[in-house]
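Each reported figure results from applying straightforward, stated rules to the coordinates on display, with no laboratory input. These numbers come from a predicted model, not from an experiment. No Cβ is skipped: glycine too gets one built from the backbone with ideal geometry, and neighbour counts run over all protein chains shown.
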Amino acid sequence: MSNFINNFFPIAANWIGTALASFLPGWIANIIQIVISISFFFVFGTIVVMSLVYLERRIIAFMQDRLGPNRVGPQGLLQPIADVLKLFSKEDIVPTNADPIVFKLSTIVMVVSALLVYAVIPFGPGMIISDLNIGILYAIAIASLTAIGMLMAGWGSNNKYALLGAMRAAAQVISYEIPLVFSVIGVVMITGSLSTVSIVHGQAAWSGWRWNIILQPIGFVVYFIAATAELNRTPFDLMEAESEIVAGYHIEYSGVRFALFFLAEYLNAFAVAALGATLFFGGWLGPFLPPYVWFLIKTYMLFFVFYWMRGTLPRVRIDQLMGLAWKYLLPAALANVVITGVGIWVYQVLIA
Amino acid sequence: MSIDPRAVVDPPTEPLNEETEQIVVNMGPQHPSTHGVFRMILTLSGETIVKAEIVMGYLHRGVEKQCEEGTFVHNITATDRLDYLSAMSNNLAFSMAAEALAGIEVPERAWYIRTIVCELQRLASHCVAIGTFGADVGTFFTPLSYAFRDRERILDMFNMICGARMTVSYVRPGGVALDLPEEFIPACRYFLDLYPQKVDEYETLLTKNEIFKARSVGIGILPPEKALSYAVSGPSLRASGIGYDLRKDQPYGIYDRFDFEVQTATGCDCFSRYIVRIREMRESAKIIKQALDHLPPGPHTAKLSRNFRAPEGEAFSRIEAPKGELGFYMVGDGSIAPYRCKIRAPSFINLGPLHEMLLGWKVADAVAILGSLDIVLGEVDR
């Protein structure tokens, strides 16, 4: 029974696959099965984003000594649905002077690049769309595509605030990409693999408690700061700083397109938190509860830190932001690589 | 041989221009951080401000002209809407000018009540100033929410006194509109006992925050000489190291009876303007406590006809309002209304040096510098 609960999703997928293969040719069954699992992830992603938005509004409200949304449904749980319905029923406005193709395409670039990252996130044993052997590299490469989406939005809107936001986005995302990659290298060196599943398996020592955060504290700090900047969350939310450039690159977007930007932003944020849980907190490993529950607990706990920072910290300025990336994070990440290398060498000498 | 005329007039190829192209950003009047309908036309090179132009007047309602139409008591309601975050202080400044013009004696109890409500108003106004400054440097409204929570208690007390929260019209020529209700004094004491902890909360969130310091220390320098030459007053002047405060330097009412310090800071920057306000909040709380302790019995207002007449003549009175030095110049012509009423609005005059303070800073700093000056557009445009 516990095996059934722990492996519910792989078993269900397997069952559907067998059922389909019983009356369809193999390749059609395969395609249908892939479509089903992708649709499942899309629905899952939408629900996750709704929950994140609801939790963000509610948790920050409690931090600020107010109640937050509590009118729509019990405890305001239906608020995200009401918000989405409102956004979908709004008029779709394309500004007269905007470049319509770039303007419309940017939302698609954003959402697609956000969804692609989910291909390599291991939600549990066997619960991964594709266990690429370069999983981490793929995730980081795809995540940086969002910079292009933002630039397109900012340029296509033909608005000065949007342009300022897009320029900030390009500078910020590209600068923080580098410490982000270097912070992950330490984990990769310890595991000896770029595959996300292998990284989780690598942390299974010490009866499931040899999490990489213990061996890679500097790496985690750099990863988390760089990821916050990459995701454009407080205190690094310069590209949509509402007190300076109103809404930044998505200032001209409304209705469904704005909803897509919102979706992409939170999907990205959840993906990065999920990668953080995978890389540094042992992914799905944990006692008693099913692995996917552990994975979600860890990811949401990491996300809580984003909320916490948003409720507390002011926003840094663009030059301070760049200084932090190049003067502090990058040297720290490089030093971490060196320390990790020395550590691995010492370990091998002692053991062997 | 014929020469193609176009070849002659074609300009020479320009050398590659390595400078960034400057763009003009029109910040406001519809912008979340301009504290109302204020407009800055910023010329930017990259993100750096190379030229700033200040445009105001979007909220002009002709308050000075309105004051010539109503009686002295009518006009109190117009002053509520000047600096709408500190209606009590505006009422007081107007009433003092009217009293000086008409030669009205104000009972002592009225002065104590006036002092209490005006200092409460200063707390409320500084709460907004600090909260919105926090939002301007980019916190997600947490300091704002904390500050408004405490301001709410003050507004509740105003509601208790006079039945209004913001447009109070409470201080009137001759005294105050109503005597303090019984429940006010315990409520006020309870509030004052808790208030220092609340200020500590703001300080934990902002003063000790490294990012907040990075965003405010050394930003938007207003040197003392420039502050004086632009006639800046209030916390913005005291943050430039000049301890000028009318409550000490030219005590009006009963301010000479209270023990308090004029708070200054020497940084001349956004952080100094913020920290001066924080310290002034603590000092104001001290003043209110002393006033509550010595509140005398007696009438709360002078015996005065509702449509009293002021003789021919002129009067000028000024007070230390939360935003700075608020003055009313009034000319009487023997009728029941002032012949002319000129308002020296601190928010308007404090905006004077803004276009110079902005030069060379980033867009993000423009918002912080404007926020640190703490303007209210109702007073700027009148």
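Rounded to the nearest 20 debye, the dipole size of segment A:1-89 about its Cα centre is 220 debye, using +1 on the Cβ of Lys and Arg and -1 on the Cβ of Asp and Glu. Under a 5 Å amide H cut-off, with hydrogens placed 1.01 Å from N, B:GLY175 pairs with B:ALA302 among residues at least 5 apart or on other chains.
Taking N as the residue count of segment A:145-232, its C-alpha radius of gyration divided by 2.2 N^0.38 Å amounts to 1.43.
Note down the Stokes-Einstein diffusion coefficient of segment A:189-245 in µm²/s, whole number, using a Kirkwood radius over alpha carbon pairs, 10 °C, and 1.306 mPa s.
Values: Rh = 13.5 Å.
Estimated diffusion coefficient is 118 µm²/s.
The modelled label-to-label distance for the pair A:SER37/A:VAL346, using points 7 Å beyond Cα in the direction of Cβ, is 4.2 nm.
With N residues in segment B:110-210, what two-decimal value do you get for its Cα radius of gyration over 2.2 N^0.38 Å? List each step's numbers first, then the result.
On the way: Rg = 15.0 Å, N = 101, 2.2 N^0.38 = 12.7 Å.
That ratio works out to 1.18.
Using a Förster radius of 51 Å, what is the FRET efficiency between B:ILE336 and B:ASP259 based on their Cβ-Cβ separation? Nearest 0.05, please. Please report the intermediate quantities before stating the final value.
Values: r = 40 Å, r/R0 = 0.79.
Between B:ILE336 and B:ASP259 the formula returns 0.80.
Sorting B:THR207, B:THR79 by the number of Cβ atoms found within 10 Å of their own Cβ, with the fewest placed first, yields B:THR207, B:THR79. When the alpha carbon coordinates of segment A:1-148 are projected onto the principal axes, the ranges are 51, 45, 33 Å, largest first.
Karplus-derived 3J(HN,Hα) values for segment B:141-148, using 6.51 cos²θ - 1.76 cosθ + 1.60 with θ = phi - 60°, are 6, 5, x, 4, 5, 5, 5, 5 Hz; glycine and proline are entered as x. Using the Cα coordinates of segment A:255-352, the gyration tensor eigenvalues translate into equivalent-ellipsoid semi-axes of 31, 25, 12 Å, sorted from longest to shortest.
Given DSSP loops and a limit of at most 13 other Cβ atoms within 10 Å, what is the longest stretch of chain A that contains no such chymotrypsin sites (Phe, Trp or Tyr not before Pro)? Looking at chain A, A:1-208 is the longest stretch - no exposed chymotrypsin sites (Phe, Trp or Tyr not before Pro) with at most 13 other Cβ atoms within 10 Å.
For chain B, set up a Gaussian network in which alpha carbons nearer than 10 Å are linked by springs, and say which option among B:ALA368, B:ALA214, B:ALA164 fluctuates the most. Evaluated over chain B, the most mobile residue of the options is B:ALA214. Taking chain B as a Gaussian network of alpha-carbon nodes connected by springs under 10 Å, the highest mean-square fluctuation of the residues B:PRO346, B:PRO181, B:PRO29 belongs to B:PRO181. With no solvent and one equal point scatterer per Cα, compute the Debye intensity ratio I(q)/I(0) for segment A:106-160 at 0.24 Å⁻¹ and report its log10, rounded to two decimals. With no solvent term, the Cα-only Debye profile gives -0.86. Remark: segment B:322-331, residue by residue, has Karplus-estimated 3J(HN,Hα) of x, 8, x, 7, 9, x, 10, 9, 10, 10 Hz, where x stands for each Gly or Pro and the curve is 6.51 cos²θ - 1.76 cosθ + 1.60 at θ = phi - 60°. In the frame of its principal axes, segment A:172-287 has Cα extents of 51, 26, 21 Å, reported largest first.
Only alpha carbons enter this Debye calculation for the protein assembly as shown, each as an equal point scatterer, and the log10 of I(q)/I(0) it gives at q = 0.09, 0.11 Å⁻¹ is -0.91, -1.16.
Whole number please: convex hull volume per residue of the Cα set in segment B:179-322, in Å³?
On the way: hull volume 22.7 nm³, N = 144.
Given the Cα convex hull of segment B:179-322, per-residue volume reads 158 Å³.
Taking the centroid of alpha carbons for each part, segment B:43-90 and segment A:86-104 are 37 Å apart. The Stokes-Einstein estimate for chain B, based on a Kirkwood radius over Cα pairs and taken at 20 °C with 1.002 mPa s viscosity, is a diffusion coefficient of 97 µm²/s. Its Kirkwood hydrodynamic radius, worked out from the mean inverse distance over all distinct Cα pairs, puts segment A:93-351 at 18.9 Å. About the centre of its Cα atoms, chain B shows a dipole size close to 900 debye [charges on the beta carbon of Lys, Arg (+1) and Asp, Glu (-1) only; nearest 20 debye]. For chain B, can you list the cysteines whose C-beta has no other cysteine C-beta under 4.7 Å from it? Cys with no partner Cβ under 4.7 Å: B:CYS118, B:CYS127, B:CYS162, B:CYS188, B:CYS268, B:CYS270. If you build a Gaussian network model of chain A, linking Cα atoms that sit under 10 Å apart, which residue out of A:ALA153, A:ALA141, A:ALA264 swings the most? Residue with maximal mean-square fluctuation among A:ALA153, A:ALA141, A:ALA264: A:ALA141. Within segment B:329-371, find all residues whose amide N lies under 12 Å from a label point positioned 7 Å from the Cα of B:GLU312 along Cα-to-beta-carbon. Answer for this model: B:332-335. The H on the amide N of B:TYR339, modeled in the peptide plane, is under 5 Å from the matching H of B:VAL331, B:GLY332, B:ASP333, each at least 5 residues off or on a different chain.
Segment B:167-194 and segment A:209-268 have Cα centres separated by 47 Å.
The string of couplings for segment A:91-103 from the Karplus curve (6.51, -1.76, 1.60, θ = phi - 60°) is 5, 8, 9, 10, x, 4, 8, 6, 8, x, 5, 5, 4 Hz, one whole number per residue in order, with x for Gly and Pro. Of the GluC sites (Glu not before Pro) found in segment B:175-257, those in coil by DSSP whose Cβ has at most 12 other Cβ atoms within 10 Å are B:GLU182, B:GLU183.
Which value, to two decimals, describes the C-alpha radius of gyration of segment A:69-170 once divided by 2.2 N^0.38 Å?
Numbers: Rg = 17.9 Å, N = 102, 2.2 N^0.38 = 12.8 Å.
Scaled against compact globular proteins, the figure is 1.41.
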